[in-house]
1. State the extension gain, in nm to one decimal, for the chain segment bounded by residue 189 and residue 301, taking 0.36 nm per residue of separation less the distance between their alpha-carbons.
2. Pairs 75/191; 134/235; 288/310; 170/238; 75/170: which are spaced more than 27 Å apart, C-alpha to C-alpha?
3. At a 10 angstrom cut-off on C-beta neighbours, averaged per residue, how do the peptides 146-155, 179-188, 106-115 rank from highest to lowest?
4. Between residue 180 and residue 201, what is the label-point separation in nm under the 7 Å Cα-to-beta-carbon projection?
5. Treat the count of other C-beta atoms within 10 Å as a stand-in for reagent exposure and order 174, 214 from fewest to most.
6. To the nearest 20 debye, what charge dipole does region 74-192 have about its Cα centre, counting +1 at the Cβ of each Lys and Arg and -1 at the Cβ of each Asp and Glu?
7. Under 15 Å from a point 7 Å along the Cα-to-Cβ line of residue 251: which residues of region 294-329 have their amide N that close?
8. With 10 angstrom as the radius, rank 235, 310 by how many other C-beta atoms surround their C-beta, starting from the fewest.
Amino acid sequence: MSLIRVRNVEGGTVLRVPFLHFDRMVIAKATGNVLRSTRSRINAMILIAAPSLWPLAAGASGTATLNAALPSNLKVGTIVKRVSLTPQQICGADVCRATRFVIWPAGDGSQVIEGPDNPTNVSGITARVLIDGKEQGRYNDYLAYKLTIDKPVEVQFLVDGRAPKDGVLKGEHFGVITTANNYISLGGTVKRINGSCSVPAQNVPLPDTPLGKFGGVGSTAGTKTFQVRIDNCPKGFKQVSYKLEPVGGVIAGSPGVLPLDTGSTVKGVNIRIADNQGTPAVFDKAMKVDDYDTATGGSYSIPMQASYIKTDATITPGTVKGSLNVVLEYQ
């Protein structure tokens, strides 16, 4: 007999639920001139007071948009959306060679912070920019133009520790200073919903199966039906989706097949997940909960199948274990 174990773990825009656990069978120094005139002194003071401004031409302005209804109980640090912006969107060229990267909290230009996290004008939501996969903080190379953007950057929206509130994202939150002033603006509407859906824990046993039940490689046996339960969804979300993530990663060329968990002793057999029609499950792809009603909320079930699948010409009998995460996403 095999077991599928389900635990409910909440992780943000997403709820990460280690879902199926199968059991048994068969993760400086500067120099310069002294300023003597009153006018020169005033100019110098202006530059100090507003270090983000340069007398440059206006450049491009890319916008990262977040339109979402989010649970109000998301954990701090949860990434709720990732947006990609190209160099063309940021600076109007295939390559942006910047001398400065500026971060303005709330997008109003009143102050500059070190970052990389930038509290937006909507309470509870922070943004950050990743260049070459690294979080980008405030940067100034004094006109050396060493900050190069030659591929899309990622703008992440995440939950911060401020009180979650509804709001409209607006303003220029990041500056990319090349030979012109370029900006990354934020836009969209954020709505916070009290509560979130839950996925109950469950054990799904698969039957003991004799080797004679298998045919060639790719054949299945010992099929067991079960349901992915998504319960107590509050009303108000535009959409609820779920995603299946195999623990241990996706096995290339083997749709729906789970990697063997630690403790498995079998060889030549894995667990395969399929829909109620027997079509192998698609992993790491968000699928809409079609029956979710934004006016009422509710509880829902997705019928699935689990079975043994022969993955090698030779089978050594033993224990089969596999795990699957169920991830809930909200819009």
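1. 37.3 nm
2. Where the Cα-Cα span goes over 27 Å, the pairs concerned are 134/235; 288/310.
3. 179-188, 146-155, 106-115
4. Taking the simple label geometry, residue 201 and residue 180 are separated by 5.8 nm.
5. Least crowded to most crowded, the residues run 214, 174.
6. For region 74-192, the charge dipole is close to 340 debye.
7. 306-324
8. Sorted ascending by nearby Cβ count, the order is 235, 310.
Coordinate-derived values only; no laboratory data. Small disclaimer: the values here were computed from a predicted structure and weren't measured. Ideal geometry is used to build each Cβ from the backbone, glycine not excepted, and the neighbour counts take in all protein chains shown.
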